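The values are calculated or read from the model by the stated rules, or taken from the named source; none is laboratory data. Every value quoted in this text rests on a predicted model; they were computed, and no experiment measured them. Cβ: placed from backbone, ideal geometry, glycine included. Neighbour counts: every protein chain shown.
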Amino acid sequence: MTTEEREVFNRVLKKRIMEKSINEIAKEIYQNAKDKGFHDDHPKNIGEMLMLIVSEVSEALEADRKAQFTDINMNVVNGWVGNEDFKLSFKDNVKDTFEDELADVMIRVMDLASYKDIDLEAHIKAKMRYNSLREQKHGKRY
Ligand SMILES: [Mg+2]
């Protein structure tokens, strides 16, 4: 793939990702988790799902403590062609970094929201609006 072709590929990929709503991404995450067997037990234990989110937050903390960050441009990562090359490069450059763990947090939150059929996007927008109208530090010390 030439540099020009890669740039076009990256632009198309970026546009496709940006065109998806938060809820669409959440549904895709849920479907992938389901396909991988993470939703075989039904009904799901919500407490377990919440603790798995916490476990990803803990992994982010450890990555930060170990200064495990990636300096790779993710548009380049997402543009890597061929699943085997992508997988190897991802493992070498991104996996278990702080950024990767934050992505895991979001993936688990969005999986739970989709499982519970929550309109996460509407909730985020409403909460952002509400927060913008609140007092400094929402009336708390920190
Ligand atoms: Mg993780």
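Among the residues of region 42-90, those that are more than 16 Å from the ligand (Cβ to nearest atom), surrounded by 12 or more Cβ atoms within 10 Å (Cβ to Cβ) and either hydroxyl-bearing (Ser, Thr, Tyr) or not in a helix (DSSP H, G or I) (or both) comprise Lys44, Ile72, Trp80, Ser89. Checking each residue in region 91-105 for being of a type in the set (D, E, K, R), within 14 Å of Met74 (Cα to Cα) and not in a helix (DSSP H, G or I) picks out only Lys95. Looking across Lys27, Lys36, one residue alone is at pLDDT 90 or above and surrounded by fewer than 11 Cβ atoms within 10 Å (Cβ to Cβ). It is Lys36.
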